[in-house]
Structure formats: C-alpha cells, structure tokens
Amino acid sequence: MTISKAAQDYHERMFPGCQSKLLDTDPEFIERFDNFAFDEVVSQVRLDDRTAMMSHLAFLIDIISVNVPFIGYPRSLNALRCVNEAAGK
C-alpha cells in the first residue's frame, strides 16, 4: 500500500512541508491514516479547508482519548498539546 496522490496533495495543502516522523517508524499506519483522512474522507464529503482541518483534529483527539489507558495521562496531555498547536490555539 502507498499513500495516494490525492492524499499527498491534500496533506501538503493542509500541512505545507510537514512530514510525520511516524512515516519512518510506522509507515504502514501513516499510509492507512493519510489515505483515509486525506483522501477517502475528503473525497466523500465536500468541506472547506477550515472545517476539514477541524474534523481531522477532532479525529485525533478521539484517538488520543481512547488511548489514555494505554499511553498514560502525561503522554495524553502532551499529545493534546500537539493537537492544539496544530490547530493554532
């Protein structure tokens, strides 16, 4: 599996010049996540960029919340801080 061209283009538009460090450590996860979040979701529902960005951030917050018991509270707070920084808050 590879990251689709549509997912790459949309990711670059939303996060210019940003490449996940997980691409090196967990490329299979990033391929699935990027293809889902930046291709499948956006191609099915037409959202403006701001609404799409908020949808992606809400999705990340859900993932973090579900994983609190596994990664611990301090790491969850760090992850949420990163999401807030990405949101510009």
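The values are calculated or read from the model by the stated rules, or taken from the named source; none is laboratory data. Keep in mind that what you see is a predicted model, and the values were worked out from it rather than measured. Note: ideal-geometry Cβ built from the backbone for every residue, glycine included; neighbour counts use all protein chains shown. All accessible areas refer to the heavy atoms of the entire protein, side chains included, with ligands and DNA or RNA removed. Shrake-Rupley method; radii C 1.70, N 1.55, O 1.52, S 1.80 Å.
Give segment 1-30 a look and list any residue that's buried (at least 16 other Cβ atoms within 10 Å of the Cβ), over 11 Å from the mean Cα position of the chain (by Cα) and either of a type outside the set (A, V, I, L, M) or part of a loop (DSSP other than H, G, I, E, B) (or both), or say none.
3, 4, 10
Residues of segment 37-57 being assigned to a helix (DSSP H, G or I), of a type outside the set (Asp, Glu), open to solvent by less than 90 Å² (accessible area, probe 1.4 Å) and farther than 18 Å from residue 83 by Cα, which ones?
41, 42, 43
Please indicate, with yes or no, whether at least one residue in segment 37-56 is touching a Ser or Thr at 6+ places or on another chain (Cβ under 8 Å) and without any contact (Cβ under 8 Å) to a residue 12 or more places away in the chain.
So far as segment 37-56 goes, yes, one or more of its residues are touching a Ser or Thr at 6+ places or on another chain (Cβ under 8 Å) and without any contact (Cβ under 8 Å) to a residue 12 or more places away in the chain.
Against the definition (open to solvent by 70 Å² or more (accessible area, probe 1.4 Å) and assigned to a helix (DSSP H, G or I)), how does residue 74 come out, yes or no?
Numbers: open to solvent by 70 Å² or more (accessible area, probe 1.4 Å): yes; assigned to a helix (DSSP H, G or I): yes.
Yes.
Restricted to segment 77-89, and to residues that are in a helix (DSSP H, G or I) and charged (D, E, K, R), which residue is nearest to residue 18 (Cα to Cα)? Can you show your working first?
Let us first name the residues in segment 77-89 that are in a helix (DSSP H, G or I), namely 77-87.
Still in the list and also charged (D, E, K, R): 81, 85.
On the way: 81: 17, 85: 14 Å.
That would be 85.
Would you please list the contacts, defined by Cβ atoms under 8 Å and residues six or more apart or on different chains, that run from a residue in segment 63-88 that is among the basic types (Lys, Arg) to a residue that is modelled with pLDDT under 85 and part of a helix (DSSP H, G or I)?
From residues that are among the basic types (Lys, Arg), there are no pairs.
Does segment 19-38 hold any residues that are charged (D, E, K, R) and over 17 Å from residue 58 (Cα atoms), and which are they? Spell out how you get there, then give the answer.
Our first condition is that a residue be charged (D, E, K, R); within segment 19-38, this holds for 21, 24, 26, 28, 31-32, 34.
If the condition is that a residue be charged (D, E, K, R) and over 17 Å from residue 58 (Cα atoms), then 21, 24, 26, 28, 31, 32 are the ones that fit.
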